[in-house]
Amino acid sequence: MPKVQIITDSAATIDAEVARELDIMIVPLVVRVRGRDYRDGVDLTAEELLLNMASERLRPKVVGPTSEQFLELYTQQTRSTNQLISLHSSGSLSPVYREARRAAREFLGRCDIMVMDSETVSLGLGILVEAAARMAQENVPLAEIVRELRGMIRRVYIVMVTDTLDYLEHNRLISPAQAILGTMLDVKPFLSIEEGKIVPIEKVRSRERAIDKIAEFASEFSRIERMAILQSTPYATEETKMLRDRLELVAPGHDMPILLYGPVLASHIGPDGIGLVVYEGTRRGLGY
């Protein structure tokens, strides 16, 4: 039986060496900025995008890959296998999942292409993709991989806070009145990704208080398999150090890498967010 091929998009944070080792196919997102399209990580890096957003107040939009591009990709892959899992960034935050599903319909009855909405992004998606690929390497059947992934999706959490409210307003996550009032009173929405959607769950009155809320969120877990700080710069700022200190108190001994959030989150929350991704894990360890 041919091995299940794992496909994802560049919203997934996954080590390049791991991706090569596990034969994970990563399709670049297509990001539109001022009418011009860029391939994420090829024509424009996440760091460049976030810097340009901060200096020029750009509004990027994820517009691809398109169904035509997925159709071409799936056609190539089905020459060597008849089983694909195409696992993508949240369908509520980007069009990628929808475009992949549209392409997969062309293969009904000819091969098994399971297109899945991860309901997450960044390291959350990366963890799911890596687990799927490791199972595929061990020749776990497609249906079982899908079942395990569905269980894992419920254990991935992301919370964020941002200063720039106009992106939230533009994406109808808050009302214009809330944006104006929040700016006047220096109130920042505390955001969570729930079932793939960005949801404002609380308001905080300062950036320092927001850092405390992120740490409080981490303290709610009795078990953490993996955790990472999400922010708009690749280096540790004073704010990052403060967050790490708080996290060390509530979740000691965990690695806390700093990860840039990419165009999917940037297009919704802007260029000055900070947050945390947590994978709760299972009793059997990472994935399965």
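The values are calculated or read from the model by the stated rules, or taken from the named source; none is laboratory data. All figures in this text were calculated on a predicted structure; none of them were measured in a lab. A quick note on method: Cβ atoms are made from the backbone with ideal geometry, for glycine too, and the neighbour counts reach across all protein chains shown.
Determine if segment 71-82 includes at least one residue that is assigned to a helix (DSSP H, G or I), in contact with a strand residue (DSSP E or B) (Cβ under 9 Å, 6 or more places away or on another chain) and among the β-branched types (Val, Ile, Thr).
no
Hey, does segment 132-146 have a residue that's closer than 23 Å to Met160 by Cα and outside any loop (DSSP other than H, G, I, E, B)? Outline the logic, then answer.
First pass over segment 132-146, keeping only residues closer than 23 Å to Met160 by Cα: none.
No, segment 132-146 has no match at all.
Among the candidates Leu58, Leu84, Leu93, which residue alone is in contact (Cβ under 8 Å) with a residue 60 or more places away in the chain, within 30 Å of Asp166 (Cα to Cα) and assigned by TED's automatic domain parsing to the domain that holds Asp9?
Values: Leu58 fails: in contact (Cβ under 8 Å) with a residue 60 or more places away in the chain; Leu84 fails: within 30 Å of Asp166 (Cα to Cα).
None of the other options fit; the residue is Leu93.
Please go through segment 31-43 and give me each residue that is of a type in the set (A, V, I, L, M, F, W, C) and either closer than 16 Å to Thr13 by Cα or surrounded by fewer than 16 Cβ atoms within 10 Å (Cβ to Cβ) (or both), ordered by number.
Quick first cut of segment 31-43, residues of a type in the set (A, V, I, L, M, F, W, C) only: 31, 33, 42.
Listed by number, the list holds a single entry, Val42.
Being closer than 22 Å to Ile258 by Cα, among the β-branched types (Val, Ile, Thr) and in contact with a strand residue (DSSP E or B) (Cβ under 9 Å, 6 or more places away or on another chain): is that true of Thr66 here? Talk me through it step by step, then tell me what you get.
Values: closer than 22 Å to Ile258 by Cα: no; among the β-branched types (Val, Ile, Thr): yes; in contact with a strand residue (DSSP E or B) (Cβ under 9 Å, 6 or more places away or on another chain): yes.
Taking the combined requirement at face value, the residue does not satisfy it.
Of all residues being surrounded by 16 or more Cβ atoms within 10 Å (Cβ to Cβ) and in a loop (DSSP other than H, G, I, E, B) in segment 188-223, which is farthest from the chain's Cα centre (by Cα)? Just the residue, please.
It comes out as Phe221.
Just the residues that are assigned to a strand (DSSP E or B), of a type in the set (Val, Ile, Thr) and in contact (Cβ under 8 Å) with a residue 40 or more places away in the chain, please, taken from segment 1-35.
Ile6, Ile7, Thr8, Val27, Val31
For segment 143-165, enumerate the residues that are buried (at least 21 other Cβ atoms within 10 Å of the Cβ) and more than 30 Å from Lys203 (Cβ to Cβ).
Passing the criteria: Ile145, Leu149, Met152.
Return a yes/no flag: does segment 42-50 have any residue that is touching a Ser or Thr at 6+ places or on another chain (Cβ under 9 Å), farther than 30 Å from Ser192 by Cβ and not in a strand (DSSP E or B).
Scanning segment 42-50, I find at least one residue that is touching a Ser or Thr at 6+ places or on another chain (Cβ under 9 Å), farther than 30 Å from Ser192 by Cβ and not in a strand (DSSP E or B), so the answer is yes.
So, in segment 226-252, exactly how many residues are modelled with pLDDT of 95 or more and either part of a strand (DSSP E or B) or under 18 Å from the mean Cα position of the chain (by Cα) (or both)?
Number satisfying all stated conditions: 6.
Any chance you could count how many residues in segment 195-216 are within 29 Å of Ala131 (Cβ to Cβ) and touching a residue at least 60 places away in the same chain (Cβ under 8 Å)?
Count: 5.
Among the candidates Met116, Met160, Met152, which residue alone is touching a helix residue (DSSP H, G or I) at 6+ places or on another chain (Cβ under 9 Å) and either more than 25 Å from Ile198 (Cα to Cα) or without any contact (Cβ under 8 Å) to a residue 60 or more places away in the chain (or both)?
On the way: Met160 fails: either more than 25 Å from Ile198 (Cα to Cα) or without any contact (Cβ under 8 Å) to a residue 60 or more places away in the chain (or both); Met152 fails: either more than 25 Å from Ile198 (Cα to Cα) or without any contact (Cβ under 8 Å) to a residue 60 or more places away in the chain (or both).
Residue meeting the stated conditions: Met116.
So Asp40 ticks every box in (1) within 23 Å of Val140 (Cβ to Cβ); (2) under 15 Å from the mean Cα position of the chain (by Cα) but one. Which box is left unticked?
(1)
In segment 1-13, what residues are under 19 Å from Ser90 (Cα atoms) and surrounded by fewer than 21 Cβ atoms within 10 Å (Cβ to Cβ)?
First, pick out the residues of segment 1-13 that are under 19 Å from Ser90 (Cα atoms): 6-13.
Across segment 1-13, there are no qualifying residues.
Please give the number of the condition Leu168 fails out of (1) aliphatic (A, V, I, L, M); (2) loosely packed, with under 14 Cβ neighbours inside 10 Å; (3) modelled with pLDDT under 95; (4) in a helix (DSSP H, G or I).
Failing condition for Leu168: (2).
Every residue in segment 261-288 that is part of a strand (DSSP E or B) and either at pLDDT below 95 or among the aromatic types (Phe, Trp, Tyr) (or both), please.
As a first pass, look at segment 261-288 and keep what is part of a strand (DSSP E or B): 274-279.
Tyr279 - this is the single residue of segment 261-288 that is part of a strand (DSSP E or B) and either at pLDDT below 95 or among the aromatic types (Phe, Trp, Tyr) (or both).
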